[in-house]
1. Filter the range 13-41 down to residues that are assigned to a strand (DSSP E or B) and touching a residue at least 24 places away in the same chain (Cβ under 8 Å) and give me whichever is surrounded by the most Cβ atoms within 10 Å (Cβ to Cβ).
2. Applying the selection to the range 42-75, what residues are out of contact with any Ser or Thr (no Cβ under 8 Å at 6 or more places or on another chain) and surrounded by 12 or more Cβ atoms within 10 Å (Cβ to Cβ)?
Amino acid sequence: MNNLATRKTRLCVEFSDCVRERGKLRNVTFDLSPYGIKVRLKGMRTGYDISPARVYNQAVLLEVQKRREERKAHK
């Protein structure tokens, strides 16, 4: 695996997940850099910065919430 800090090319990941914005369905893209992640919609200029640690923490919170709901439904 390559370290992002040593890459010479820009790394942009486009997902198949779509969001409706300004009357169109637009794919979600992540522009990855060693300093963080910029999340934006394809065809839009605006983007939002988020740290990889924040993405991880949010994923953990969602998993905990899902497990709690499963336990609650099981009872």
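Computed from the coordinates by the stated procedures, all read-outs in this text should not be read as laboratory data. For clarity, every value in this text was computed on a predicted model and none was experimentally measured. Every residue, glycine as well, gets a Cβ built from its backbone with ideal geometry; the counts of neighbours run over all protein chains shown.
1. Initial filter on the range 13-41 (assigned to a strand (DSSP E or B)): 13-21, 24-33, 36-41.
Keeping just the survivors that are touching a residue at least 24 places away in the same chain (Cβ under 8 Å) gives 14, 32-33.
Numbers: Glu14: 10, Leu32: 15, Ser33: 13.
Selected residue: Leu32.
2. Step one: list which residues in the range 42-75 are out of contact with any Ser or Thr (no Cβ under 8 Å at 6 or more places or on another chain), which gives 43-75.
Correct list: Met44, Gly47, Asp49, Ile50, Pro52, Arg54, Val55.
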